[in-house]
Structure formats: structure tokens, C-alpha cells
1. Across segment 212-226, which residue is least open to solvent (accessible area, probe 1.4 Å) among those that are assigned to a loop (DSSP other than H, G, I, E, B) and within 29 Å of Phe263 (Cα to Cα)?
2. What are the residues in segment 52-109 that are under 21 Å from Ala141 (Cα atoms), in a loop (DSSP other than H, G, I, E, B) and either open to solvent by less than 40 Å² (accessible area, probe 1.4 Å) or touching a helix residue (DSSP H, G or I) at 6+ places or on another chain (Cβ under 7 Å) (or both), if any?
3. Does Ala125 meet the test of being closer than 27 Å to Ser47 by Cα and touching a strand residue (DSSP E or B) at 6+ places or on another chain (Cβ under 6 Å)?
4. Quick one: which helices (runs of 4 or more DSSP H) lie wholly within segment 149-211 and hold at least 1 residues that are within 17 Å of Lys29 (Cβ to Cβ)?
5. Check Ala142 against each of (1) open to solvent by 30 Å² or more (accessible area, probe 1.4 Å); (2) over 28 Å from Ala22 (Cα atoms); (3) in a loop (DSSP other than H, G, I, E, B) and name the one condition it does not meet.
6. Met39 passes all but one of (1) in contact with a Ser or Thr (Cβ under 8 Å, 6 or more places away or on another chain); (2) within 22 Å of Glu204 (Cβ to Cβ); (3) part of a strand (DSSP E or B); which number fails?
7. List, please: which pairs have Cβ atoms under 6 Å, are six or more places apart or on different chains, and start with a residue in segment 227-243 that is open to solvent by 40 Å² or more (accessible area, probe 1.4 Å) and end with one that is small (Gly, Ala, Ser)?
8. Among (1) at pLDDT below 95; (2) under 15 Å from the mean Cα position of the chain (by Cα); (3) of a type in the set (Lys, Arg), which single condition is Lys52 missing?
Amino acid sequence: MTSDGSARITFCDLTDTVSHMAEIHSPSKTMTAVLGRVMCGASLIGSLLKNKEDSLTLRIDGDGPAGKIICVSDYLGNVRICADHYGVELPPNASGKLDVGGAVGRGTLYVIRDLGLAEPYIGSAALVSGEIAEDITNYFAASEQTPTVCALGVRADTEKRCIAGGYLVQLLPGADEGIVPALERNMSSMESVSKLIKDGVSGEEIVARVFDGIPFDLFDKFECGYVCSCSRERYLSALRGLPRADIDEMKADGQPIEALCRFCGKKYSFSPDEIG
């Protein structure tokens, strides 16, 4: 945070996390870039949650071939993600880069915060480009009236290894508007996040470049990763909560009932007697 409390920045390096996602879901190169950007965005926003029990869901409902994308994060920025279609591959866009916007298309971005209240807080905004970073920037301006700049980058290779990261810069209430030109100048002169990470530039140095010439304090640093909350007990409870007719139908052939976690791919098997 700047020393005068005018602005804050959150940075994440999710290289290992997105690479682990690629091992789970085996996405195409285009979808690795799509999912990686969504994961970085969700991790950045999730890390702004205040309580350990809170969670955040970033949902992308676009009309592109990727379909619906759901990413869940916690207060440490841990993430898990699933999508309708992982194999979407498109020709490079007009800039010669992976066509993330073409895969996502137009539609709506939802930010859902579960803060332990009776109902979750749901905010939404239109997808302005499908490139994710611009869409998150637009969401904060349109839905939360918070001046924000989001920068995300993912470089995918043929082995499904990648470089991934991003940062979120926000002006805070009562901000000194005089720092805006400096922030704009600093960010406009920076290379892409993925190139900076590839070149070995540390998170602390990236923060220092964004806040170049602006006094700031670094508050916290922590590890995050790909973390799924699924368990056998949760799936068993969900199965037992189904309508009686559905349970009887599943039990009719006497075969084990299988459940598959869409986030991590783990399978759970239950005997007919277990589900009641």
C-alpha cells in the first residue's frame, strides 16, 4: 500500500498453480491461457477477503466456445477451477497471440463473495473483451465503483507448462488523485506480467516498478496453490440429500455409485447401501 493510503497493489505468481491445473484438466494451449488468467484474477480478488472462512467465486458466462468457467478462491488466494470445454483451440488473434477473447466471447462476469451471511454477495458486469483482465477492471468500475487496473499474463507451451501471474492496482477511498499520472506512467512502460516473471523479476520488484516514485509499504507475502475442498463425506452427504426417487433409481441396478469432482478430477465410489 502507498504510504499515504491512496492505493494498494496485490501481485501473484501462479506459475506452479496453473501448471498443476493443466496436469489435471489437460486443456489446449488457448484454454490454458483462458483458465490461467481466470485463476490469477480469482486469486488476486480472493486474497482481499478478510476472514479465513470467506470464499470468492469468479464465474465467466461467455458465448464463446469455452462455455461457462467457474473458479473458486479463498482468503489466501488458493484456487480451483472448472470449465465446460477444455479442448477449445483457436487460431492466433490479430496480434498473433492466443485468442483468449475469442474463446470466452461476450457475456457476463460474476463475482460471488460468500462471507458467511444468509446470502452471498453477488456482483456482475458485462464482459467487455473476454480477455479477463479488462473484464475485471470493468467489473470493479461498473459494479463496485473502485478505480482498478488489472494485469494478467499466461504463457503456455506444448508440454502444458506455463508462466502465469498478475497484479491488481486499486485506488482507495480518499486517495490523492495526484498519484494517478505516476501510476499510469509506470504501468504503461512495463512489459507484460508473464515476460517479467519469465525474466526472473520478483514480485517485490514488480510492485516497486508499479509504485516507482511513490513511497509504499509491503504488508504481506504468502504461499497459495491449487486447493480443492472436495471429500468423500461431502459427496456422500450430497447423494443422501437427493430426492428419494433419484436415490432409488441409482440403487436399482445394484452397482456402485460414482461421483466425479469437476475441479480436481477425483472420483468417489459408494455402495448402494451407503446412500440410504
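The values are calculated or read from the model by the stated rules, or taken from the named source; none is laboratory data. As the structure is a prediction and not an experimental result, all values here were calculated from the model. Cβ sites come from the backbone with ideal geometry, for glycine too, and all protein chains shown count toward neighbours. Just the protein is used for accessible areas: all its heavy atoms, side chains included, with ligands, DNA and RNA removed. Shrake-Rupley method; radii C 1.70, N 1.55, O 1.52, S 1.80 Å.
1. Filtering segment 212-226 for residues that are assigned to a loop (DSSP other than H, G, I, E, B) and within 29 Å of Phe263 (Cα to Cα), the one least open to solvent (accessible area, probe 1.4 Å) comes out as Gly225.
2. Gly105
3. Yes, satisfied.
4. 193-198
5. Unmet condition: (3).
6. Every listed condition holds for Met39 apart from (3).
7. As it stands, the answer is Tyr235/Ala259; Arg240/Gly276, since those pairs meet every condition given.
8. Here Lys52 meets the rest and fails (2).
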